[in-house]
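Asker: My structure is below; once you've seen it, I'll send some questions.
The values are calculated or read from the model by the stated rules, or taken from the named source; none is laboratory data. Because the structure is predicted, anything quoted here is derived from the model rather than measured. As a convention, Cβ positions derive from the backbone with ideal geometry for all residues, glycine included, and neighbour counts pool all protein chains shown. Surface accessibility is based on the protein's heavy atoms, side chains included, excluding ligands, DNA and RNA. Shrake-Rupley method; radii C 1.70, N 1.55, O 1.52, S 1.80 Å.
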Amino acid sequence: MEYSSLFYAFSAGALLLLAFLLIKQVPAVNERSNRWLILFSFCLSCLFCQLFLEFDGRMGTNPTLIIFLELSRWAIMPSFYLAVTAYIHPFRKQNSLLHFIPSVLFLFYTVAVLIPNAIHAGAVDFDLPRQAIWIIASFFPLQIFFYGTLSLLQIHRHQKIIQQTNSTIDEINLVWIQKLFASYVLLVALWALSKFFPSVIYFVPIGYFAVTLYMAYSVTSQKNIDEKDVRISADVSGNKSSNERLHADQVELVMQRVDQYMQAEKVFLDPALNLTALATALELTTHELSYVINTGFKKNFYQFVNEMRVDEAKKLLMSKEHRHLDMIGIATLAGFNSKTTFNTTFKRITGETPTEFYKKNQN
């Protein structure tokens, strides 16, 4: 036995442990969504178990095990996509059964043909037409590409939607699920590497194990999404009727009104400010205010508010009255809820960090 093959077993064990941790609800959030991730972790664990047995030369010794492990492979990518979708849209009903039609068909074929043949002959016989064998062999890579693309589009759309209605997105930006997707991409890259460069096949299992550990860390650091934030964001994103209610001159008037209110009341200093609260204060609908910010100011709500916070932070950094404050104090007074968000946003807008800005302008 090659020592590198043990890492296939380690990866299988780590993913199986992750599935049990999710069953026990260690994160204690997203209970409905985690069910799909449990299935994904279990099926991926079976795949690594299959890789271990193939690498070690023991795959052909147990026909029933071959059938079971092959069957689990068909459910890996649908369960991953459904997990991503359920985390992003935790309150939307899913037509999940449609994604498992190929798995069900293979299950029927297994029960009707493979298992009886394996019991009778003591070996599994995939006696299929050449075209059918080619389809089965190509199906898993096609699933990887198809569901991976759908998952990426879901994550990208979520990032755009939440910035339409929230000025602070740290709690709902699903950074952990982006890390989960990055883990998925790394696993696919290692798989492709082993296919095209056989010389690295002994090192790939170690990479698989490292990625599975990173995946487990990402999953166990997940946070819950507030139902109100998700539904407001989805509602505003999907509504286009404001285009018909506001003309160009009306947009200009509302822009002036919004700008005057923001400068006078400085509501952007509230880290919890969202589109609904600002629209209520201005006696506008969320759709009207969103349309004015997007069309008039050419920004989304997140950019609009945080640019004002950065301007306020600049004033504080150059103020003699506030020189006793550290960067966390400046960030808090400017409306940011964390130093990390403050530094990232400040650098993105100004091109320099708050510390660099302070040193350049301290005189």
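Asker: Answer yes or no as to whether Thr285 is over 21 Å from the mean Cα position of the chain (by Cα), at pLDDT 90 or above and surrounded by fewer than 19 Cβ atoms within 10 Å (Cβ to Cβ).
Answerer: In short, no.
Asker: For the stretch 284-299, check the following and say yes or no: at least one residue is in contact (Cβ under 8 Å) with a residue 12 or more places away in the chain and either in contact with a His (Cβ under 6 Å, 6 or more places away or on another chain) or more than 26 Å from Arg157 (Cβ to Cβ) (or both).
Answerer: Among the residues of the stretch 284-299, not one is in contact (Cβ under 8 Å) with a residue 12 or more places away in the chain and either in contact with a His (Cβ under 6 Å, 6 or more places away or on another chain) or more than 26 Å from Arg157 (Cβ to Cβ) (or both), which makes the answer no.
Asker: Criterion first (crowded, with 16+ Cβ neighbours inside 10 Å and more than 21 Å from Tyr261 (Cβ to Cβ)) does Thr355 satisfy it?
Answerer: Criteria not met by Thr355.
Asker: I've got another one for you. Evaluate the following for Lys228: is it at pLDDT below 90, open to solvent by 70 Å² or more (accessible area, probe 1.4 Å), more than 19 Å from Leu47 (Cβ to Cβ) and of a type outside the set (S, T, N, Q)?
Answerer: Yes; evaluated as a whole, the condition is true for this residue.
Asker: Provide a single number: the residues in the stretch 268-306 that are in contact with a Gly (Cβ under 9 Å, 6 or more places away or on another chain) and not polar (S, T, N, Q).
Answerer: Summing the residues that are in contact with a Gly (Cβ under 9 Å, 6 or more places away or on another chain) and not polar (S, T, N, Q) in the stretch 268-306 gives 6.
Asker: Based on this model, can you work out whether Glu70 counts as part of a helix (DSSP H, G or I), within 21 Å of Val211 (Cβ to Cβ) and modelled with pLDDT under 80?
Answerer: Here the answer is no, as Glu70 does not meet what is asked.
Asker: Do you know which of the residues in the stretch 339-354 that are touching a residue at least 24 places away in the same chain (Cβ under 8 Å) and more than 18 Å from Ile328 (Cβ to Cβ) is farthest from the chain's Cα centre (by Cα)?
Answerer: Once the filter is applied, the top-ranked residue is Thr350.
Asker: What pairs come up if the first residue lies in the stretch 134-161 and is under 30 Å from Lys299 (Cβ atoms), the second is open to solvent by 50 Å² or more (accessible area, probe 1.4 Å) and polar (S, T, N, Q), and their beta carbons are under 7 Å apart, counting only those six or more places apart or on different chains?
Answerer: Taking only residues 6 or more apart or on different chains, the pairs are Ile155/Gln178.
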